[in-house]
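Peer 1: What follows is a single structure, and I will ask about it in a moment.
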Amino acid sequence: MQLFTKYSRVNIIASILALLLGSIGYYFTVRYVLVHQLDDTLKIEEAEILDNVRTHDRLPPPANYRDQQISFEPATEPIPRQFIHTDKLGPHHHGKEPYRELVFSVSVGGQLFTVSISKSEEETEDLLMLIMMITAGMILLLLGILFLANRLLLRRIWQPFYKTLSGIREFNLSSRHLLTPSETDIDEFRILDEATRQMTRQILKDYEMLKSFTDNASHEMQTPLAILNSRLDLLIQDPVIGERQLRPIQAMYDAIGRLRQLNQSLLLLTKIENHQFGHTDSVEMAPLIEEKLAQLEDPLRDRRLVVRKDLDRLRLPINGYLADILLNNLLLNAIRHNQDGGELSVCLRESSLRVSNSGPALSIDPATIFDRFVKGTHSGGTGLGLAIVRQICDNYHFSLTYSYTDQLHNIDIRFPGPIV
């Protein structure tokens, strides 16, 4: 849920609850005021009756007006003075109506009477209903204005935030473009925008430094490694070197070869991570797989591997060099970790690629198979081949998984969306 939507929802719900509770309190307050005013009217009538009794020593005549009734009933004992609500038949006999009644006792000429003064509450209820209808209308109008303000005004206020968020989402190291500043007079959004642009500037600076370091380090390492390799070549070919000295020289020669391979793999991995292969080609995968298998014919023959191919037509949008690296690492991994006389299978479909090889179960955790420098006990590789495969898949949003079924190691790549 978006922050704007959540804020609007909470704001609307809080406003409705506040207005609902306020309306209930307002209703009872207004009703109390109107009933209190009605009681004051009844008290005036009471005072007039008592004044008439003191002056003339007799009760006034009973009255039955449109909205008021006064009656006298003989009583044997006094009753407490009280205000009550009651329902009585109206003057037009259209049914019972709500009345507010004041009951008290009065003594006239030694005779005790119960006086009842009733006044209709119909006008009070009508007035209360009118007030509440007007209040409900104002509440609905207020909620409507609040809703429109949240939808229009607040969305406009939050626009700089969404612009900054969009810039962060579209930020790409390979483009080297700084975020466009957002024009806003809101301090929090301005601070966020400034901090984000400062962060991206620092990221670009660090990226350039890292890229320069890796390029320079790779270049500087290649020269001494090439010199060492050439010197060892000459040393191995020297007829003076005996069998005893040849073995450690050969070990150094192999170690330098692995170091060169490791250096090239790390450099390639860094370049892929930094999106330095931005160009995208339309690569025919089936012919490329056939080409790679032909190039690997010698190791396939040496291991006596049975190759099974099931290749559909697939044109993949990917950098051509990275596609070559992807297939080369997958096939070399399947050959290196196969068993003599085993099987290597390549299955290409419209939305997936599977490379399988026979062999015993892994001696390592299968969840770490695509991590860097993770390799089996008897592996002679650098432990970066499948890590490079994963980085290429991550760059192009391919799904990469490993499974082991029926004595076969399966590496599956699924390509997102329809691919022609």
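Peer 1: Angle, helix 122-148 long axis vs. longest principal axis of the chain, Cα atoms, 0 to 90°, nearest 10?
Peer 2: 20 degrees
Peer 1: From the helices alone, meaning DSSP H stretches of at least four residues, give me the mean residue ellipticity at 222 nm for the chain, per-run term -39500 (n - 2.57), in deg cm²/dmol to the nearest 500.
Peer 2: Working: 10 runs with 224 residues, N = 420.
Value at 222 nm, helices only: -18500 deg cm²/dmol.
Peer 1: Between Ile157 and Gln37, what FRET efficiency comes out of the Förster formula 1/(1 + (r/R0)^6) with R0 = 45 Å and r the beta carbon distance, rounded to 0.05?
Peer 2: Values: r = 47 Å, r/R0 = 1.03.
After rounding, the FRET efficiency stands at 0.45.
Peer 1: Set the bar at 27 Å for Cα to Cα. Now go through Lys205/Lys292; Lys292/Lys375; Lys205/Lys375; Lys6/Lys205 and name every pair that lies beyond it. Provide the component values of the computation, followed by the final result.
Peer 2: Details: Lys205/Lys292 39 Å; Lys292/Lys375 23 Å; Lys205/Lys375 34 Å; Lys6/Lys205 37 Å.
Beyond 27 Å: Lys205/Lys292; Lys205/Lys375; Lys6/Lys205.
Peer 1: Show me the three semi-axes of the equivalent ellipsoid for segment 295-347, from the C-alpha gyration tensor (sqrt of 5 times each eigenvalue), largest first, rounded to whole Å.
Peer 2: Numbers: eigenvalues 103, 34, 14 Å².
One finds semi-axes of 23, 13, 8 Å for segment 295-347.
Peer 1: Related question: Once label points are set 7 Å from the Cα along Cα→Cβ at both Asp394 and His85, what is their separation, rounded to one decimal in nm?
Peer 2: 7.2 nm
Peer 1: While we're on this one: Between segment 381-410 and segment 1-60, what is the C-alpha centre distance in whole Å?
Peer 2: Using only Cα atoms, the two centres lie 76 Å from each other.
Peer 1: May I pose another question? Against the globular-protein guess of 2.2 N^0.38 Å, express the Cα radius of gyration of segment 120-181 as a ratio, rounded to two decimals.
Peer 2: Working: Rg = 24.9 Å, N = 62, 2.2 N^0.38 = 10.6 Å.
Ratio of Rg to 2.2 N^0.38 Å for segment 120-181: 2.35.
Peer 1: Could I ask something else about it? Would you mind putting 346-358, 199-211 in packing order, based on average other-beta-carbon counts within 10 Å, highest first? Numbers along the way, then the final one.
Peer 2: Numbers: 346-358: 18.4, 199-211: 12.8.
Ranked from most to least packed, the peptides come out as 346-358, 199-211.
Peer 1: Rounded to the nearest 0.05, what FRET efficiency do Asn172 and Gln407 have when you use their Cβ-Cβ distance and R0 = 41 Å?
Peer 2: Values: r = 44 Å, r/R0 = 1.07.
The computed FRET efficiency comes out at 0.40.
Peer 1: Stretch Ser15-Ile131 to full length: gain in nm at 0.36 nm per residue minus the Cα-Cα span? Can you show the working numbers first?
Peer 2: Numbers: separation 116, 0.36 × 116 = 41.76 nm, distance 2.04 nm.
Taking 0.36 nm per residue and subtracting the Cα distance, the gain is 39.7 nm.
Peer 1: Averaged over every viewing direction, what's the projected area of the C-alpha convex hull for segment 281-414? Give it in nm², one decimal, please. List each step's numbers first, then the result.
Peer 2: On the way: hull surface 29.8 nm².
Projected area, direction-averaged: 7.4 nm².
Peer 1: May I pose another question? State the extension gain, in nm to one decimal, for the chain segment bounded by Gln245 and Leu311, taking 0.36 nm per residue of separation less the distance between their alpha-carbons.
Peer 2: On the way: separation 66, 0.36 × 66 = 23.76 nm, distance 4.98 nm.
That works out to 18.8 nm of additional length.
Peer 1: What Rg and what Dmax come out for segment 3-154 when only alpha-carbon atoms are used, in angstroms?
Peer 2: 23.8, 81
Peer 1: State the extension gain, in nm to one decimal, for the chain segment bounded by Ala217 and Ser363, taking 0.36 nm per residue of separation less the distance between their alpha-carbons. Mind dumping the intermediate values first?
Peer 2: Values: separation 146, 0.36 × 146 = 52.56 nm, distance 3.43 nm.
Extra length available between Ala217 and Ser363 comes to 49.1 nm.
Peer 1: Post the alpha-carbon centroid distance, segment 185-224 to segment 103-132, in whole angstrom.
Peer 2: Taking the Cα centre of segment 103-132 as reference, the centre of segment 185-224 is 86 Å away.
Peer 1: Please determine, in degrees from 0 to 90 and to the nearest 10, the orientation of helix 159-170 with respect to the longest principal axis defined by the Cα atoms of the chain, where the helix direction is its Cα long axis.
Peer 2: 20 degrees
Peer 1: Ok, one more. In what sequence, highest mean first, do 233-243, 18-28 appear when ranked by Cβ atoms within 10 angstrom? Can you show the working numbers first?
Peer 2: Details: 233-243: 9.3, 18-28: 12.3.
In descending order of packing, they fall as 18-28, 233-243.
Peer 1: Also, quick follow-up: Over all distinct alpha-carbon pairs, what is the Kirkwood Rh of the chain in angstrom? Mind dumping the intermediate values first?
Peer 2: On the way: mean 1/r = 0.0315 Å⁻¹.
So the Kirkwood estimate lands at 31.7 Å.
Peer 1: Here's another thing I want to ask about it. Given Cβ point charges of +1 (Lys, Arg) and -1 (Asp, Glu) and nothing else, what value in debye, to the nearest 20, does the dipole of the chain about its Cα centre take? Write out the running numbers ahead of the final one.
Peer 2: Values: 44 positive and 52 negative charges, 355 e Å.
Using Cβ point charges on Lys, Arg, Asp and Glu, the chain gives about 1700 debye.
Peer 1: Quickly rank 76-88, 333-345 as a protection proxy: mean count of other C-beta atoms within 10 Å, highest first. Please report the intermediate quantities before stating the final value.
Peer 2: Numbers: 76-88: 10.8, 333-345: 17.6.
Final packing ranking: 333-345, 76-88.
Peer 1: With viscosity set to 1.306 mPa s and temperature to 10 °C, compute the Stokes-Einstein D of segment 172-276, Rh being the Kirkwood radius across alpha carbon pairs; µm²/s, no decimals. Could the numbers behind the result be given before it?
Peer 2: Values: Rh = 17.7 Å.
Stokes-Einstein gives a translational diffusion coefficient of 89 µm²/s.
Peer 1: Continuing with the same structure: Need the list of lysines near Lys211 for cross-linking: C-alpha distance under 24 angstrom, and skip anything on the same chain fewer than eight residues off.
Peer 2: Cross-link targets: Lys271.
Peer 1: Continuing with this model, one more query. Hey, got a sec? Which trypsin sites (Lys or Arg not before Pro) in segment 96-181 land in a DSSP loop and have at most 14 other Cβ atoms within 10 Å? Walk me through the numbers before you get to the answer.
Peer 2: On the way: sites: Lys96, Arg100, Lys119, Arg151, Arg155, Arg156, Lys163, Arg169, Arg176; in loops: Arg176.
Those that pass, being in a loop and sparsely packed, are Arg176.
Peer 1: A follow-up question, please. Given a 10 angstrom Cα cut-off, can you work out which residue in Asn229, Asn64, Asn328 is the most mobile in a GNM of the chain?
Peer 2: Most flexible of the set in this elastic network: Asn64.
Peer 1: Right, next: Between 0 and 90 degrees, rounded to the nearest ten: what's the tilt of helix 285-295 against the longest Cα principal axis of the chain?
Peer 2: Once rounded, one gets 30 degrees.
Every number in this text was worked out from the coordinates using simple rules, so none of it is lab data. Values in this document were obtained by computation on a predicted structure and should not be read as measured data. All Cβ positions, glycine included, derive from the backbone under ideal geometry; neighbour counts span all protein chains shown.
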